[in-house]
Amino acid sequence: MSIQIVSLGNEDNGLSAEERTSNVFSFYLGLRSNRLQVEKSHPVFRVYQASVLGNVEIVVHECPDWDTFASDLQRSQATIAEGDIFVLKFAVNNKSLFLEIKNNFAPLLKQIFSHQSVPVIILAIGTRQSDGPSCTCPMCTSDTEVCVPASEGIQLAKDLGATYIELHALNVFYVVKYFGGLLEYFILQTMSKTSAAAERRKKNQALKVKPPKLGPPGAFQWQLLEYHLNEKLKDAEEVAHVYTIVQRIIDKTGTSSHSMKPLPLWESLGFFFNNTSLADVIFQVQDTKIPAHRAMLVARCEVMAAMFSGSYMEANQVLIPVYGLSKDTFLDFLEYIYTDTFYPASILQAMSLLICSEMYQVSRLQHICERYISTQLQSVPSRELGSTSLNVVSLLKKAKFHNSESLYTWLLYFVATHYLIFSQKQEFQDLSAEELDFVERHKWPSSSYLTQLAEYRKYINSPKHRCAVM
């Protein structure tokens, strides 16, 4: 049996240049361990394997900062979930590192261990630049923006149910006796609890084996999503891009434009839809002629505005042929141009209109179609997905080809979270190797759950589980 210790944070700026040649764990293990191995090949963690207290095996996973941790968030979270003892360390003169621990690592520990308690040590390292009585002078005020007061560290410890200690230097007294004594107490305590739990499991194994619990699909992705959103918010161009998309979809009142009632203006303009009155252009779609009005088209569609002006031949033509679209799809497109409304009859109709809107670069209509498709698919009961003739993978391929990235990503997640259904369908074979890899990594139920379920069923059907009396 080995004790898993996870160390998050670092001592940067808390020590002198000479002291930075080692850190808390390398110093502690160098003096207390009978056998020490250090592995630096792990992409996220530096791993120490050692034996302390005679023959107690410990494995320390050490990660210096949140960016490194988030570079492989799924593997990092799995490492944390297996931890027995946690050490959150920061330099007292590095406020940004403390805030990183407080705002990122601490909430993650709370989330993962919400239903159980684990030993947590909050370690403040170094001597504060200004560590005297409180003062309001400009010099001391500026120090408080850099230094981390003991009160803030203590408050974080209370929030986590952790133990807070300060190490003013890396020496035998502070690291080995002070920190090491506390760490070794938790190691012995963890060993005792682990042994007792193992005995209980051994006794309960003969009595009852509980089936594995199936969590909600994609639960572990929320932390990753939150991290990526926070990163995007730091980029002004990303924020402006998102704002533009939202502004196109949402009207000034904040109501979704395709679900609101048409305004009187649109009702008036709708009178001219597919009406020869005052029409000055005719579209030839398949074997049907559809009348339209240049002024309306130019005002509502940039591609049409370019087409009817400048040196394009359509500028001087009355009859304009349209290729690659059905009559019904083009009529739906013109109805949106004239009335600002969209009432599709099916997912396939919405996809056809999405392709048309991408062709004419009407991005607002494209986003409305994306939302309609995802909403309709979410409303289909799982039991009907297996028998439906709707080819979701085909929709996925079309979304990618026509630059609908948000719908493409959503459909990939949809296939992954209904893995047991779609993996049995013929269309599943049409996914690319990259798409299959994505689906396998995000599938629900997960591979670990399916393995546990198979083991549980094997146990239930085994002779040991059958009642001896019966």
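The values are calculated or read from the model by the stated rules, or taken from the named source; none is laboratory data. This one's a predicted model, so the numbers in the text were calculated from it and none came from an experiment. Methodologically, a virtual Cβ is constructed for each residue, glycine included, from the backbone with ideal geometry; neighbour enumeration extends over all protein chains shown. Side chains are part of the model used for accessible areas, which takes the heavy atoms of the whole protein and leaves out ligands, DNA and RNA. Shrake-Rupley method; radii C 1.70, N 1.55, O 1.52, S 1.80 Å.
Summary of computed values
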item	result
Rough spin-label spacing in nm, given labels placed 7 Å along Cα→Cβ, for residue 452 and residue 436	2.8 nm
Length released on extending from residue 53 to residue 387, taking residue separation times 0.36 nm less the Cα-Cα span	114.1 nm
Calculated FRET efficiency for the pair residue 74/residue 316, C-beta based, R₀ 51 Å, to 0.05	0.30
Solvent-free Debye scattering, log10 I(q)/I(0), computed from the Cα coordinates of the range 285-342 at q = 0.16, 0.25, 0.29 Å⁻¹	-0.51, -1.21, -1.38
Between the range 64-117 and the range 415-461, the Cα center-to-center distance that results, in Å	30 Å
Exposure ranking of 51, 41 by accessible area [1.4 Å probe, largest first]	41, 51
Estimated FRET transfer efficiency (residue 277, residue 420; beta-carbon r; R0 45 Å; 0.05)	0.20
Debye log10 I(q)/I(0) for the range 38-106, one point scatterer per Cα, at q = 0.12, 0.17, 0.26 Å⁻¹	-0.36, -0.70, -1.27
Cα gyration tensor category, rounded, prolate or oblate, for the range 148-194 with a/c compared to 1.5	oblate
Computed magnitude of the charge dipole of the range 338-438 (debye, nearest 20; Cβ of K, R +1, Cβ of D, E -1)	220 debye
Solvent exposure, largest accessible area first (probe 1.4 Å, DNA, RNA and ligands not counted), of 11, 434	434, 11
Pairs from 400/443; 95/158; 89/193; 289/400; 40/89 whose Cα-Cα separation, in the structure shown, is over 23 Å	89/193; 289/400
Distance between modelled label sites at residue 403 and residue 348, nm, 7 Å Cα→Cβ extension	2.7 nm
Rounded percent of accessible protein surface that carbon and sulfur make up, the range 375-437, 1.4 Å probe	48 percent
Estimated D of the range 377-470 in µm² per second, where Rh is the Kirkwood radius over Cα pairs and Stokes-Einstein applies at 37 °C, 0.692 mPa s	215 µm²/s
Heavy-atom accessible area ranking, 1.4 Å probe, most first, across 370, 152, 405	405, 152, 370
